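Every read-out reported here was derived from the displayed coordinates using simple, explicitly stated rules and does not represent laboratory data. Computed from a prediction, not measured in an experiment: that's the story for all the values here. Here Cβ is always computed from backbone atoms with ideal geometry, including for glycine, and neighbour counts include all displayed protein chains.
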Amino acid sequence: MRSEKKTILLATPRGFCAGVERAIEIVEKALQRFGAPVFVRHEIVHNKYVVNSLAKKGAVFVEELDEVPEGAPVIFSAHGVAKSVRQQADVENMIAIDATCPLVTKVHNETIRHYQKGKHTILIGHYGHPEVAGTMGQVPDGEITLIETAEDALNFEPENPDNLAFATQTTLSVDDTSEIISILQHRFPKITGPSGEDICYATTNRQNAVKKLAEKSEYFIIIGANNSSNSKRLVEVALKFGAKKAVLIPDANSLDLNELRDVSVISISSGASVPEILVNELIQKLDDEFEISIQTENSIKENVTFNLPSILKRR
């Protein structure tokens, strides 16, 4: 039964970024070229809908390369992998296809350059995230230190304060990361960083779009996986910039409509691994229950594209 009027504010940009689109296309092209099954180490991106859709087409998702038959095609996820994973794939004659987001690869290359210059790297990121594991695995153990919080930055005591560099995970809170970098630069004036921003354009754009709507929002819904760093950051940004409540849900089925009975303004955004169909299903669920009007917040348009790996371009 339709009842109660609700205003829906749609954040833009939202959903898929260029790195995610590329990673999904890589799996689809690999299936076309090699046939099923094609193995994928870890979730190609952090979204069950996407993973399940690719699994139906013949992708087999594994945790480690030990589960992949020798000589089989294996795809590394968009989050990147340690050098040791690539080496194992080579030793076992696997057809390795790299779906690492090029912006993550940029961070890998920076970290390697810091190591080659003899600098100790501080990586700003979240422990346990696959992107962090991949970046830390670019250099030998002990040559990189993970910093997660401003408190960590304040307490960090390096062996050589004059010989430091920093890099960051690409999906962090822009504001929190800026605070940590400021602390490090104040404590260690000679520390060097990336020539450009490590946090990716899509993360920054989605956070900025959420900031614009947060103050108007009584209830901010972010669609995304619980293990998606960029999606979780959107919830934090919404609350920090004025939303009365913000929730992270994987899909429309997870939304409790009873929480919206006394709410007039609902905002919606989605993480960079979320297909637009999940946003549409959420809007349909709201439209079935309430009388809604939709307003789209116009924001920056994204036209970034990345090339496919050369192995998938061959005929």
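Annotations for the structure displayed:
- Segment ARG187-GLU259, extension gain: residue separation times 0.36 nm, minus the distance between their alpha carbons: 21.4 nm
- For peptides 272-281, 295-304, sequence by mean Cβ density within 10 Å, most packed first: 272-281, 295-304
- Counted charge near GLY58, where neighbours are those whose Cβ lies closer than 13 Å (Asp, Glu -1; Lys, Arg +1): +3
- Summing charges over all other residues whose Cβ lies under 12 Å from the Cβ of LEU239, with Lys and Arg as +1 and Asp and Glu as -1, gives +4.
- Segment 124-176 shape via C-alpha gyration tensor axes, a/c threshold 1.5: oblate
- Relative packing of 141-153, 167-179, which averages over residues the other C-beta atoms within 10 Å, highest first: 167-179, 141-153
- Contact order normalised by residue count of the chain, Cα under 8 Å, 6+ apart, percent: 27
- Count Lys and Arg as plus one, Asp and Glu as minus one, and take only other residues whose Cβ is under 11 Å from that of LEU260; the net charge is then -2.
- Amide proton proximity set for ILE97, modelled H, under 5 Å, gap of 5+: VAL74, ILE75, PHE76
- Sum of -39500 (n - 2.57) over DSSP H runs of 4+, divided by residues of the chain (222 nm, nearest 500): -11500 deg cm²/dmol
- For LYS244, the aspartates and glutamates whose Cα comes closer than 20 Å to its Cα, not counting residues fewer than 8 places off in the same chain, are GLU4, ASP175, GLU215, GLU218, GLU236, ASP256, GLU259, ASP262, GLU297.
- Protection proxy ranking of 21-32, 60-71, 226-237 - average other beta-carbon atoms within 10 Å, highest first: 226-237, 21-32, 60-71
- Ordering VAL27, VAL81, VAL265 by the projection of their Cα atoms onto the charge dipole of the chain, which places +1 on the Cβ of Lys and Arg and -1 on the Cβ of Asp and Glu, puts VAL27 at the extreme positive end.
- Segment 128-236 shape via C-alpha gyration tensor axes, a/c threshold 1.5: prolate
- Of LYS6/LYS212; LYS119/LYS190; LYS48/LYS83; LYS6/LYS211; LYS6/LYS301; LYS5/LYS211, those spanning more than 22 Å from alpha-carbon to alpha-carbon: LYS48/LYS83; LYS6/LYS301; LYS5/LYS211
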